[in-house]
Amino acid sequence: MQRSLLSGVMGLKSYQTFLDTIGNNVANVETLGYKRHEVSFQEIFYQTTHGGHAPSGSRGGVNPMQIGMGSRVGAIETVYSQGNVEYTGNPNEIAIQGDGYYMLRDGDGRSLYTRAGNFTLDANNTMVQAGTGHTLQGYAMEEDSQNPGSYISTGQLSSISMPLGSKQPGEETSLVGFRCNLDSRLDMYLPLGVGEDVTLQDTVDGTTYEIDLLEGDTTDDFVTFDVSWTDADGNEQQSNLKAQFDGVNTETGLPELSGADFTFDSETGMLTIPDIDGAGEGHDIKMNLSDAMDYKSLSVSYENQATRSFLADFSLNADGDAATLTLWDHEGNVYAFPEEIPLNPDGSFGTNYEGTITTPEGDLTATISEDGRSVVFNSDQNLPHDEEGEVARITQRDTGVHVSQTQVYDSLGTAHTMEMRWEKIGADRWQWRASFPDEDGLNIEPPTGEVAFDGQGSITSENPIVSIGFGSGGAETTRVTFDFNGDNFDKEPIEGVTQYASPSTTKGYYQDGHGMGVMTSYQIGQDGRVSGIYDNGQTVPLYRIPLALANNPGGLSKAGENVYVEGPNTGIIELGNPSEGRAGKLMSMSLETSNVDIAQEFTNLIRGQRGYQANARIITTSDEVMEETVNLKR
């Protein structure tokens, strides 16, 4: 009978602990980051009144007879399920979605761990846990010297302090990244004759023929067609055809060409080379040269009613800052103007130019229009002309140009608008020109250069480095890299400037300079990066908040105030970056609430009450039985 009394007493104690635990869960239903507890019961020990034995011979086996001595609490475990994440709009508050704990330090330098992300800034702008003052720990970030523009952790934990109101000095631009496309379908922006490195292809009966167009300098060697192919035996073959200039088709602006072993239609631009490899009729190469032979035509009518038609051809010099103008007439004469026409940084002609050539009918003088975009021709003869004496003009093609603008910064943090002009000068070549059209005192050296593309539309040129003279504003001269091919961003050429048959969209999408700024706020990313936001538009990583990951989270000891400390059964605690490995991600302007389910706790409360009542009945029943036993003496 005493055994039943003791069993009831032990049951009361166990259920009292069960009810205490439920009460603690219910009390913390609104506690941030709280994880509910579960109680597990276990038997205490048993008194064996008769031991069991195994079967022997014809006698069967007997099980042992044991009387239990009640129950006790075997474990109180923490349930680490995810609590609800509620949006608060407070930039100081953070929730963990997934595994991990924030690492804090108390006033004694102890390491503490918590899921409660109700942080705030103290008087020193240090991020602390509200109500306790424990400081949130993180890794300071610094710019990676090996990869400009990216930031890495320093590897040293420290308290996170927000330098609100601090100044960020202006920084000069050292790198401008250009992306997107230059339209391969555009005409060349100037009449440039046959562009350099022009190669066309035609395939006949499985054999590929390549034609290289080379521009000559005489009427008898106006254009050369170099045809190459591989014959059926695998041998490289080549044929050289020269075209003579016979005149100008004034309707199409194409030259009229003649020569042995080919025909050229100046109305359609179609070149036909019959039976080039001697394989017989039908092995004719046909290619359209109208895009490759990009001239501009003009006609001058003289007082004797004679008309002389010209093809105009510009040849850019190696620096791209001047061009030689050559005119070819319908009789096959060549007239080269003796002096180069200077080109300004924005691609316009220098307006102080004047040059003269002599034709059979008299002199032609070339000058530049006021806007710098046209070459104007005047004559010493009494020719038909407009009020200004103009007899003809050549105007640059705006359709062959793509212009975009981007801001760059000098060493004082002053913004300047740089214009980048892209001019098509060949089938696979473009001229870039950088300038500051609104600031005459700023010079770029070199102001221009070329980029080339392969047959797949990918850039093949190296990235140029220019010097920008900001000295007129008191700033230093700055060296800037123009990244066209993605090298500085670890990108493939396809990610840089390309040349496809799509609209031109190339522009500066990145530059690393900025003006002076003041930090006005900050933001916290899912990966734990804490970034300062400056009023100059810059966002600079300052810290990275790590998450502590324990081998056995259940081994953490609760220290009150929503924090844990390392316990003897915690195992190794490692710090990992949020959103990496098994670490959870951070949800800014949110808080994780308790994972207590009030309905479940009330159900457990009923179970605990009934269990407690049942064990109390065991005690009262045992007491009554003992009383009856005592009454046997009476």
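Just a few scattered comments:
- Count of lysine pairs in the chain with Cα separation under 22 Å (8 or more residues apart, or interchain): 7
- Ranking of 209, 46, 543 by solvent-accessible surface, largest first: 46, 543, 209 (1.4 Å probe, protein heavy atoms only, all chains present).
- Against the empirical 2.2 N^0.38 Å (N residues), segment 54-125 has a Cα radius of gyration ratio of 2.43.
- Within the accessible area of segment 230-339 (1.4 Å probe), percent carbon and sulfur: 38 percent
- The modelled label-to-label distance between residue 47 and residue 501, using points 7 Å beyond Cα along the C-beta direction, is 10.0 nm.
- Gyration tensor (Cα) of segment 172-331, equivalent ellipsoid semi-axes in angstrom: 30, 26, 13
- Computed as a quarter of the hull surface, the mean projected area of the alpha carbon convex hull for segment 459-520 stands at 6.9 nm².
- Using 0.36 nm per residue and subtracting the Cα-Cα separation, the extra length available between residue 220 and residue 629 on full extension is 133.2 nm.
- Percent carbon-and-sulfur accessible area, segment 131-171, ignoring ligands, DNA and RNA, probe 1.4 Å: 47 percent
- Think of a 1.4 Å ball rolled over the protein heavy atoms: the chain then has 49 Å² of accessible area per residue.
- Dividing the Cα radius of gyration of segment 407-458 by its Kirkwood radius returns 1.11 for Rg/Rh.
- Globularity index of segment 413-499, i.e. its alpha-carbon radius of gyration over 2.2 N^0.38 Å: 1.20
- Alpha-carbon radius of gyration plus Dmax, which is the widest Cα pair, for segment 1-139 in Å: 25.4, 88
- FRET E, pair residue 465, residue 580, Förster distance 45 Å, beta-carbon r, rounded to 0.05: 0.75
- Positive dipole terminus of the chain, leading residue within 391, 442, 486 (C-beta point charges): 486
- Rg followed by Dmax, in Å, when segment 184-239 is reduced to its Cα trace: 14.2, 44
- Percent of alpha-carbon pairs separated by more than 24 Å within segment 105-236: 67 percent
- Debye equation applied to the C-alpha atoms of segment 83-170, log10 I(q)/I(0) at 0.13, 0.15, 0.17, 0.19 Å⁻¹: -0.54, -0.70, -0.86, -1.01
- Between helix 598-631 and the chain: long-axis angle, C-alpha atoms, 0 to 90°, nearest 10: 10 degrees
- Relative contact order for the chain, counting Cα pairs under 8 Å that sit 6 or more residues apart, in percent: 20 percent
- Residue-level accessible surface for residue 44, protein heavy atoms, 1.4 Å, Å²: 50 Å²
- Spin-label model, residue 390 to residue 77: label points 7 Å out along the Cα-to-beta-carbon direction sit 9.1 nm apart.
- For the chain, average projected area of the Cα convex hull in nm²: 56.8 nm²
- What the Kirkwood sum gives for segment 316-369 is a hydrodynamic radius of 12.1 Å, with every pair of different alpha carbons counted.
- Here the sum of -39500 (n - 2.57) over DSSP H runs of 4 or more residues, divided by the residues of the chain, equals -3500 deg cm²/dmol at 222 nm, to the nearest 500.
- Of all accessible heavy-atom area on segment 427-569, the percent that carbon and sulfur account for (1.4 Å): 44 percent
- Along its principal axes, segment 451-583 has C-alpha extents of 66, 45, 24 angstrom, given from the largest down.
- Additional length obtainable on full extension of the chain from residue 535 to residue 228, 0.36 nm per residue less Cα span: 104.4 nm
- Per-selection Rg to Rh, segment 483-556 - Cα, Kirkwood hydrodynamic radius: 1.21
- Computed over segment 567-619, Kirkwood Rh from alpha-carbon pairs, angstrom: 15.9 Å
The values are calculated or read from the model by the stated rules, or taken from the named source; none is laboratory data. If you're wondering where the values come from, they're calculated on a predicted model, not measured in any experiment. All Cβ positions, glycine included, derive from the backbone under ideal geometry; neighbour counts span all protein chains shown. In case anyone asks, the SASA skips ligands and DNA or RNA and just uses the protein heavy atoms, side chains included. Shrake-Rupley method; radii C 1.70, N 1.55, O 1.52, S 1.80 Å.
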